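The structure appears below as structure tokens.
No lab work stands behind these numbers, since they all come straight from the coordinates. Note that the structure is a prediction, hence the values are computed from the model and not measured. Cβ sites come from the backbone with ideal geometry, for glycine too, and all protein chains shown count toward neighbours.
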Amino acid sequence: MSELFDIYLLEAVLNGLLLGGLFALLSLGLNLIFGVIDVVWICYAELIMCGMYAVYWLHVQYHWPVLAAMAAAIVLVAALGAALHQFVIRPVLSAEPINQLLVTGGVLFFLQAAATLAFGIDFRNVGISLPSVHVGEMSFSAARLLAFGAAAGGVAVMYFFLKRTYLGTAIRAISQDRAIMPLMGVSAGRIFLTTSALGGALAGLAACLLVLQYDVHPAIGLSFGPITFLICVLGGLGSLVGGFIAAFVLAQFISIGGFFFAAEWGYFIAFVFFIVVMFIRPQGILGK
Amino acid sequence: MSIGNYPLHLMILVLLWGYIYTSWSVMGRLGMVSFGHGAFMGIGAYTVVMLWNHFGLTPWIGIPVAFAATAAVAFVIGYPCFRFKIVGHYFALVTLALSEVARLLIVALRDYTGGSLGATPVTALSGGSGVALGALQFESKSVWLVIVAAFWLGGLWVWRAVDRSMGRLALQAISEEEEAAASVGIPVTAAKLRVTLISALMTCAGGILYAQYQLYVNPDAVSGIAISLQMVFGAIAGGMFVMLGPTVGAAFTLLLAEGLRLAFGNKYPALDSTIYGALLVLFIIYMPKGILGAALSAFKGRGR
């Protein structure tokens, strides 16, 4: 009996690891944008929702091959990210920081309502079900394994991009000193726009992986939006590595909490943990 | 009855939400942008309904219990936040977590709360009696209009009292430059905590009124991120720096929704929130003082 219990617990821990990969991917783009532009996109999860609808629509309604639909969705959300920066964030860049948070909250409202208007409140499924993978007596969802792999790949590519390319170096420079870099001939406006598009593309990538696991509906952003912000804040807003650690810590709370109690209790524990950590270390695990 | 039930219902909703948005703006206008007021509303609504349904305790006992719980939560969250100088979007995100904690708790305790399906207070309105004072249930909408109007006026009075107090000047100094305010001897933590408690208790009362009026509560309607954002944006749309701003915000959103519903029927669900969302973005960018705030400045500008 106790052996059986242990193997289910192990399964919960490993599933938490996979969930952590998904969370890490979700928070990657948001974290990048915060680190560079110093703005929290409250509507980040809604951008992901747009990507999910794009995949659904192109694949199911227009019969595009699924990979083509996914590529198009990534491009679309990248464009949305750039547009969001250009038309919504830029006008309030010099306003109170809280206005930048609030204006993206308005976008959240808008996207959620526009999705309801355009697609109705139905839950829509792309109809691709990946098999589950069995290891011994444990089973894992292949979609989650894929998400984990994509998250690891995404973080590696981001790391390489930021450290090794000219643009990446410029982005890091801007994030370290917003005032000086323009004097050094780095155009902050262009860097911000590029970063926003990049953040959008990462949201699009997350959308492609989420759409394999979850049905898309207008309120889906509310179900994983809050946890995404908390991961970024917990890791230290702007710290990619911190965000990665936070994603796995919170995912374990949710997975193990959900194993012993119900799924909501897992989230409940994760959120309470977040609040407590904020009081002890407001700058996050690896914040400056 | 002279006015129909439908206009009466709308008036009650405008005043009720006007009161709740006003409660939020009591602290929101002083630079403490809370995304956690859904938690206080949820505590109010659910404490009273749960005590009544499961223990048969009258709301007259439930209300003080709800107030005590709200004050405790506001203190437990507020004190460390203010003590450790968690401000701006960090404060917003910590309080956002709080509103989700409240929602998750209500959903997770589904054996008692009914989970996402919500709960209905056990009716005390039987045998043709339209008033059950002990259960705080009234059939007549006119009675509710009077009650809600009284709370709304009370809310405006508190708003004004806070606005005129020395504490407000101190808090404004704090919201602009916290370190400087502390250096001239303003007790930053205590001042912030006081306003937070006032705002939280007012919102808790709003949750109780909502539950007793609608005679139905569910976790998404009274807690969680969605309702918290609704309060923030209602106050911003109307203008959180003027006394009647939050009320104007409530009236505006409700009239927009009802107007579009009358014009198009139910053909375009969520058309009102789509327009509202787009307007919010425009307001925050171009009219950060909100509808009433901008109207008043324009009026003053012409008078000069």
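Contact order normalised by length for chain B, with contacts defined as Cα pairs under 8 Å and 6 or more residues apart; what percent is it?
Values: 448 pairs, mean separation 98.7, N = 304.
That works out to 32 percent.
Okay, helix-only estimate at 222 nm for chain A: each DSSP H run of n ≥ 4 adds -39500 (n - 2.57), divide by all residues, round to 500 deg cm²/dmol; what do you get? Kindly include the intermediate steps, with their values, before the conclusion.
Working: 10 runs with 206 residues, N = 288.
Rounded to the nearest 500, the figure is -24500 deg cm²/dmol.
With a ≥ b ≥ c taken as the square roots of the eigenvalues of the C-alpha gyration tensor of chain B, please select rounded if a/c is under 1.5 and otherwise prolate if a/b is larger than b/c or oblate if it is not? Kindly include the intermediate steps, with their values, before the conclusion.
On the way: a/c = 1.70, a/b = 1.22, b/c = 1.39.
Because a/c hits 1.5 or more and a/b fails to exceed b/c, chain B counts as oblate.
What list do you get for B:Lys192, B:Lys85 if you sort them by fewest beta carbons within 10 Å? The partial results should precede the final answer.
Details: B:Lys192 27, B:Lys85 15.
By the 10 Å Cβ count, ascending: B:Lys85, B:Lys192.
Within region A:214-258, name every residue whose backbone N is under 16 Å away from a label modeled 7 Å from Cα of B:Phe84 along the Cβ vector.
Only A:230-237 pass the distance filter.
Give me the inter-chain shielding for A:214-222: mean count of other chain Cβ atoms within 10 Å, whole number please. Walk me through the intermediate numbers first.
Details: counts 0, 0, 0, 0, 1, 2, 0, 1, 7.
If you average over the peptide's residues, the count of other-chain Cβ atoms is 1.
Can you put A:Glu11, B:Glu139, A:Glu137 in order of Cβ neighbours within 10 angstrom, beginning with the fewest?
A:Glu137, B:Glu139, A:Glu11
Would you tell me the mean number of C-beta atoms belonging to other protein chains that fall within 10 Å of each C-beta in B:224-235, as a whole number?
On the way: counts 2, 9, 5, 0, 0, 7, 1, 0, 4, 5, 0, 0.
Mean inter-chain Cβ contacts per residue within 10 Å come to 3.
Under 30 Å Cα to Cα from A:Lys163, which lysines show up? Leave out anything in the same chain fewer than 8 places away.
Within reach: A:Lys288.
Can you give me the Kirkwood hydrodynamic radius for region B:115-227, using every pair of distinct Cα atoms, in Å to one decimal? Can you show the working numbers first?
Working: mean 1/r = 0.0587 Å⁻¹.
Taking every pair of different Cα atoms in region B:115-227, averaging 1/r and inverting gives 17.0 Å.
When only Cα pairs under 8 Å and 6 or more residues apart are kept, what is the percent relative contact order across chain A?
On the way: 426 pairs, mean separation 101.3, N = 288.
Relative contact order, chain A: 35 percent.
Note the angle between two axes, namely the Cα long axis of helix A:240-260 and the longest principal axis of the Cα atoms of chain A, as a number of degrees from 0 to 90, rounded to the nearest 10.
That works out to roughly 30 degrees.
How big is D for the protein assembly as shown, in µm² s⁻¹ as a whole number, if Stokes-Einstein is applied with the Kirkwood radius of its Cα pairs at 37 °C and 0.692 mPa s? Display every interim value, and only then the final one.
On the way: Rh = 25.1 Å.
In µm²/s, the coefficient is 131.
Counting other beta carbons within 10 Å of each residue's own, what order do A:Tyr53, A:Tyr214 fall into, fewest first? Please report the intermediate quantities before stating the final value.
Values: A:Tyr53 22, A:Tyr214 16.
By the 10 Å Cβ count, ascending, the order reads A:Tyr214, A:Tyr53.
Across peptide A:12-22, how many C-beta atoms of other chains are within 10 Å of each residue C-beta, on average? Provide the component values of the computation, followed by the final result.
Numbers: counts 0, 0, 0, 0, 0, 0, 0, 0, 0, 0, 0.
Neighbouring Cβ atoms belonging to other protein chains average 0 per residue here.
From Cα pairs below 8 angstrom and at least 6 apart in sequence, can you work out the relative contact order of region B:234-283, rounded to a whole percent? Kindly include the intermediate steps, with their values, before the conclusion.
Values: 36 pairs, mean separation 13.4, N = 50.
Taking the mean separation of contacting Cα pairs over the length of region B:234-283, I get 27 percent.
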